[in-house]
Amino acid sequence: MQVFAQEKLSLTDAVALALKNNYSILNFKNEATIAANNNTAGNAGLLPSVSATASEAMLQIIQTKYASGLEVDKKNVASVISRKCGFKLDCV
């Protein structure tokens, strides 16, 4: 009784098996698939982009009168009463 550890491969089968399991070829196929998926109008910069900004601050004047008669005026304290808003639309 003869027992073989491996089966014999023809040259064609060996080449086909090597090509099937070659990591460089598999990696190239994956990169080609990713590139095809990323080939969109948005990734090419053809879609419009929208951005918006907003800010708010308050400027206060605080006047304090003490019982002793001392008066303290503080200007530009802590916040600014002005509101800014922006909107931008870029089309290519």
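The values are calculated or read from the model by the stated rules, or taken from the named source; none is laboratory data. Predicted model, so just to flag it, every value in this text is computed and none were measured. As a convention, Cβ positions derive from the backbone with ideal geometry for all residues, glycine included, and neighbour counts pool all protein chains shown.
Within the stretch 51-76, the residues that satisfy the criterion of being hydrophobic (A, V, I, L, M, F, W, C), within 30 Å of Phe87 (Cα to Cα) and surrounded by 10 or more Cβ atoms within 10 Å (Cβ to Cβ) are Ala57, Met58, Leu59.
Of the numbered criteria (1) under 30 Å from Gly86 (Cα atoms); (2) surrounded by 10 or more Cβ atoms within 10 Å (Cβ to Cβ), the one Ala16 fails is (1). Residues satisfying the criterion are present in the stretch 43-66 (criterion: at pLDDT below 75 and among the charged types (D, E, K, R)).
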